[in-house]
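Notes for the one structure printed next.
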Amino acid sequence: MSNFGFTIKKTRSFNLSQADLRMANRLLEEVPSYRKCIGCGGCAATCSARQFTDFDIRKVHNTFRRGQYDKLADELRKCMLCGKCTLVCPRGVNLRSLIINMRQLLTPSNETF
Amino acid sequence: MANFHPFVVPFVLGTIGLFVICGYKYVRWIKQFDRKQQALIRKNMFSTKILPAIWEMFCECLLHLRISKKNWRLGYMHRSIAFGWFLLIVVGAIESRIGIKGPFHFWCAIFYRFFHHNIPANGTEMFFTQLMDLILLYVLSGIFLAMLKKIHSRILGMKRTTKHTIMDTTVKISLWAIFPLRLLSESVTARLYANGGFLTQSIGDLFSRPVAEFLELPLWSLYSIALCVFFLMMPFTRYMHIFTEVFLIYFRKLGLRDSVKMTGYTKYELSACSRCGMCIDRCPLYNTLDINDVQSVYLLRNLRNLEHHQDILAAGKNCLMCHQCAEDCPVNIDLMSIRRISRDKGDTDMADNYRYLDPVKGFNAIGRVAYFGGCMTQLTPTISESMKTIFDAAGVKYWHLDGDRAICCGRPLMQQGFNKQAADLRRKITELIGSCNATALVTSCPICYNTFKHEYNLTIPVYHHTEYIDSLIKSGKLSVKQSDTTFTFHDPCDLGRGCGIYDQPRAVLKAVGQLKKVSAEKENSVCCGMNLGNTVLSLEQQTKLRDASLKVLTEPNPDVVVTACPMCKKAFRHGTEVNVKDIAEVVAEEIKK
């Protein structure tokens, strides 16, 4: 088969009514601008980390929103927080804040204060 | 017991309490210094660095020259209270040493007139009596201004004063009471014994003798109690800055700086804050968005008391880190570092997160200049293209380090308190730059520039492109023609206040066109609102900040608003009809072919 430089993702299915959306809802409270996301993927397209590795910020926040939190903590550590995603977002989603909040929800840090 | 009266007891207790509490606190904080800070103290404790430290203590703690430079009325107010009180103590001590008969106790200096009833006998005594009255008048003028400032702060050139806690207000009232009480008690005694100077004698003569006799003891007692209240509350309130600033100046001169964590040095800084509120006046969040509870003065207060944890976190987050307050702080507290300390996320994320950067290998760039555009320049490719045009025109061999793949310099992580991860990134970039053997590093992004300059230990010189273009023009390598286009220049926060680069961009712009002055420039330039330091502002709020900044920049009707930061350029571009360009683009257009 010819290599076109991309692959078709395996179909995934899960039951949204059984998903644990508590953290996802917390995230929407903390970053209200995320409600405006249309999932265009502009953030992932410009991502600095993606230029080096297969980190996909759109996939990360989309999966988070659906309550599928497995492995996201490790994935999020690849982000360098440079903020290009926030600048390109056509809907004005504060992605840096979104990422920091996802990190905090997944691995609560021992903040000094 | 001679030269003693029960009314001095509150004063004596207050003084002893003050020194015990302050001494305990200072020793505890010194124990909390980290290793590096302790080593610096041991190394420099008795070096010649003490002399400039003493000079700065005199200029700042007593004369308040830095405040005076920014606002002379405020400077006069602080100087009259601090230096005046200092003189009252010193001159009073000398005067009482000369005049007191019998055993001398330290309270005799403070309550001298009460214990020394003789009419000034000779010239020396007369001189001291009049001098003490003059100094008292000087202090009172400062207290009067302080009261005026509370009623209407604009008289003293401040938009608003700090909202103080009840403790702070109580201790302030006791401070304000001390000097009028001293005046009244000395006046009453002067009425009875005719031992006053021009001020106390004339006020004392207004009283009738029985009234004076009746008031004398209560007034002296009140004076003593006011001193006691002030001294005992001082270590727990903002007036702790009076002594702490002295120590802070000493430690700073020894070379101590903030670490990424809270250390004893930070505790000294927190207590050296007098809560004067000068950080509020020019904060863009206050001026444009009316947010008035996140400014450094409030953050420092909450950090010092270590209460209101949620407030600390919330106030810590909501800051542009535009360096304006750090620029305005009369005590030169490193407010940006403290802001970062308040955001410290701890060490939970210890793993090396950026393993994917490992295969990044530099390219052999011997004899070339490494050009680091930075992440944001990837989104404004005209800037990097213009830089390449300039490099080519000047005959400089360059290597675009992050042309297709950009590594972040680590500043955004650092600003959000992910210090461990930021250090990881710094290590990767240092390796990358070290492996390429370039002669110098030129960056287009002030954010990266500030980081390279202050957080990295690179072996090659680092330039921001404004500096580099300026040196190219001055050395004659790059010849540009001067056009009639008029410019206004926006000083990016990290380049101006962050690194002190103000003259180079102006020199460049004057070489290629006509530069117009704007009302708030250089260290007062208004942040574009997009600073990476803030993650909680909404898009609407950022837009308001941008408009406030643009209002200043477009006021003189320039043809082009010029900036030197890809972030500012992005922010301004859609906010105005006027053309917005980076300084590199402007220069690239005016190169002589």
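The values are calculated or read from the model by the stated rules, or taken from the named source; none is laboratory data. Everything quoted here is computed from the prediction, not taken from an experiment. Here Cβ is always computed from backbone atoms with ideal geometry, including for glycine, and neighbour counts include all displayed protein chains.
Observations, loosely collected:
- Selection within segment B:124-172 - surrounded by fewer than 13 Cβ atoms within 10 Å (Cβ to Cβ) and hydrophobic (A, V, I, L, M, F, W, C): B:M147, B:I151, B:I155, B:I166
- In segment B:177-188, the residues that are within 12 Å of B:L199 (Cα to Cα) form Cβ pairs under 6 Å with partners that are part of a helix (DSSP H, G or I) and of a type in the set (K, R), at six or more places apart or across chains, as follows: B:E186/B:R113.
- Taken as a whole, the condition of being closer than 25 Å to B:I447 by Cβ and aromatic (F, W, Y) does not apply to B:Y298.
- Considering segment B:434-452, and only residues there that are more than 34 Å from the chain's Cα centre (by Cα) and within 24 Å of B:A564 (Cβ to Cβ), the residue that is farthest from the other protein chains (Cβ to nearest Cβ) turns out to be B:T439.
- The residues listed here are A:L21, A:L16, A:L98; of these, the one that is modelled with pLDDT of 90 or more, aliphatic (A, V, I, L, M) and more than 25 Å from B:R355 (Cα to Cα) is A:L21.
- Helices (runs of 4 or more DSSP H) wholly inside segment B:65-120 that include at least 1 residues being under 28 Å from B:L148 (Cα atoms): B:65-70, B:72-99, B:106-110
- Total residues in segment B:204-214, condition surrounded by fewer than 18 Cβ atoms within 10 Å (Cβ to Cβ) and either in contact with a His (Cβ under 6 Å, 6 or more places away or on another chain) or assigned to a helix (DSSP H, G or I) (or both): 5
- Residue check, A:K78 in a loop (DSSP other than H, G, I, E, B) and either within 13 Å of another protein chain (Cβ to nearest Cβ) or touching a Gly at 6+ places or on another chain (Cβ under 7 Å) (or both): yes
- Taking segment B:364-382 as the range and being touching a Ser or Thr at 6+ places or on another chain (Cβ under 9 Å), within 14 Å of chain A (Cβ to nearest Cβ) and either small (G, A, S) or assigned to a helix (DSSP H, G or I) (or both) as the test, the residues that pass are B:G373, B:G374, B:C375, B:M376, B:T377, B:Q378, B:L379.
- So A:I99, is it among the hydrophobic types (A, V, I, L, M, F, W, C), away from chain B (no Cβ under 14 Å) and either under 25 Å from B:N419 (Cβ atoms) or assigned to a loop (DSSP other than H, G, I, E, B) (or both): no
- If only residues of segment B:383-399 that are out of contact with any strand residue (DSSP E or B) (no Cβ under 8 Å at 6 or more places or on another chain) and part of a loop (DSSP other than H, G, I, E, B) are counted, the one that is nearest to B:V587 (Cα to Cα) is B:A394.
- From the options B:L335, B:L300, B:L320, B:L270, residue that is within 14 Å of chain A (Cβ to nearest Cβ), closer than 29 Å to B:E521 by Cβ and within 14 Å of the chain's Cα centre (by Cα): B:L300
- The numbered conditions (1) more than 21 Å from B:P492 (Cβ to Cβ); (2) within 23 Å of the chain's Cα centre (by Cα); (3) assigned to a helix (DSSP H, G or I) are all true for B:G417 except (3).
- Filter result for B:G277 (of a type in the set (G, A, S) and at the interface with chain A (Cβ under 10 Å from one of its Cβ atoms)): no
- Contact map, segment B:401-413: first residue outside the structural domain of B:I429 (by TED's automatic domain parsing), second residue surrounded by fewer than 24 Cβ atoms within 10 Å (Cβ to Cβ), Cβ cut-off under 9 Å, separation 6 or more or different chains; the map is empty.
- Filter result (touching a His at 6+ places or on another chain (Cβ under 7 Å) and either outside the structural domain of B:P235 (by TED's automatic domain parsing) or in a helix (DSSP H, G or I) (or both)) within segment B:173-199: B:Y193
- Segment B:490-511, residues that are under 21 Å from B:C325 (Cα atoms) and either not β-branched (V, I, T) or not assigned by TED's automatic domain parsing to the domain that holds B:N531 (or both): B:H490, B:D491, B:P492, B:C493, B:D494, B:L495, B:G496, B:R497, B:G498, B:C499, B:G500, B:Y502
- Any hit, segment B:72-95, residues being under 24 Å from the mean Cα position of the chain (by Cα), surrounded by fewer than 19 Cβ atoms within 10 Å (Cβ to Cβ) and of a type in the set (S, T, N, Q): no
- A:P32, sole failed condition from (1) within 10 Å of chain B (Cβ to nearest Cβ); (2) within 14 Å of the chain's Cα centre (by Cα): (2)
- Residue in segment A:58-74 that is more than 8 Å from chain B (Cβ to nearest Cβ), modelled with pLDDT under 90 and within 30 Å of B:S259 (Cα to Cα) present: yes
- The residue of segment B:464-490 that is nearest to B:V562 (Cα to Cα), among those that are of a type outside the set (A, V, I, L, M, F, W, C) and touching a Pro at 6+ places or on another chain (Cβ under 8 Å), is B:T488.
- Filter pass, A:R50 being within 14 Å of chain B (Cβ to nearest Cβ) and surrounded by fewer than 13 Cβ atoms within 10 Å (Cβ to Cβ): no
- For segment A:10-28, filtering for residues that are in a helix (DSSP H, G or I) and either without any contact (Cβ under 8 Å) to a residue 60 or more places away in the chain or closer than 12 Å to A:T63 by Cα (or both) leaves 8.
- When B:K522, B:K517 are checked against the criterion of being within 23 Å of B:F452 (Cα to Cα) and without any contact (Cβ under 8 Å) to a residue 40 or more places away in the chain, B:K522 stands alone in meeting it.
- Filtered by the rule that a residue be buried (at least 16 other Cβ atoms within 10 Å of the Cβ) and in a helix (DSSP H, G or I), segment B:14-37 gives B:G14, B:T15, B:G17, B:L18, B:I21, B:C22, B:K25, B:Y26, B:W29, B:I30, B:Q37.
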